[in-house]
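Notes for the one structure printed next.
What follows draws every value from the coordinates through simple rules; no lab data is involved. In this text, all values refer to a predicted model and were calculated from it rather than measured experimentally. Quick reminder, even Gly has a Cβ in these numbers, built from the backbone with ideal geometry, and neighbours come from all protein chains shown.
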């Protein structure tokens, strides 16, 4: 299915109250059809890739040009479901490399949003914005000066250490509530002012606005109950040994033997 769209013009073709959506720009991911389909939700994909087709997702083509910032386009749709899904009560955003493997996504919605307006899987490695910032600096991820400026701002705001960190690749929301709209607008502003690493700003903004985010316990890096994490498009073309290593590292918290192998891999990295 395919559709051309203007902002605020999505027309529901069903009476469903829940929508699952993704946003793929710049060829960053292939669209992954759900392994199982929950007929109680709608599936929508925003993309600039005319080669993306699906019999499950409603593919909405967004016209872009070569100068368009594809990462910013992804963030726009990621942060602002209320602009496009006002007729839906709840939404689930998925990064393009997340596969749905359960026909019971409605159950995931029930779990996630029964007592919260937003629910996200926790980060599997860290529980602190400051620690995540240091890791980004060590690995050269993001603008180092922006990250340092951002962290200094948090410290001056008395933001506490070890106050949580989320993956942000799976986001359940009651996206039409004013508190969530305000949070998303501030999140978008934060990645424009500070680092574009969105994990570095969300927990601070939740703390600042006294918003409770429920931990979704079945994220794709911890469980395959609802989702699986797949390779990004560029990673698919990696040599086989690199794909094996990456697969182990992505799934190390799901199976004990992957975790054991990940320890060996990290030890070898330090030696080499």
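Where both residues lie in the chain, what percent of DSSP beta bridges are antiparallel, nearest 5?
Looking only at bridges with both residues in the chain, the antiparallel portion is about 35 percent.
Would you list 118, 62, 129 from fewest to most Cβ contacts within 10 Å?
The most exposed by this proxy come first: 62, 118, 129.
Two-decimal Rg/Rh of the range 2-120 from alpha-carbon positions, Kirkwood Rh?
For the range 2-120, the value is 0.94.
Using only the Cα atoms of the chain, what do you get for the radius of gyration and for Dmax, in Å?
Rg and Dmax of the chain, Cα atoms, are 18.7, 58 Å.
How much of the DSSP beta bridge set in the range 2-120 is antiparallel, as a percent to the nearest 5?
Bridges in the range 2-120 are about 0 percent antiparallel.
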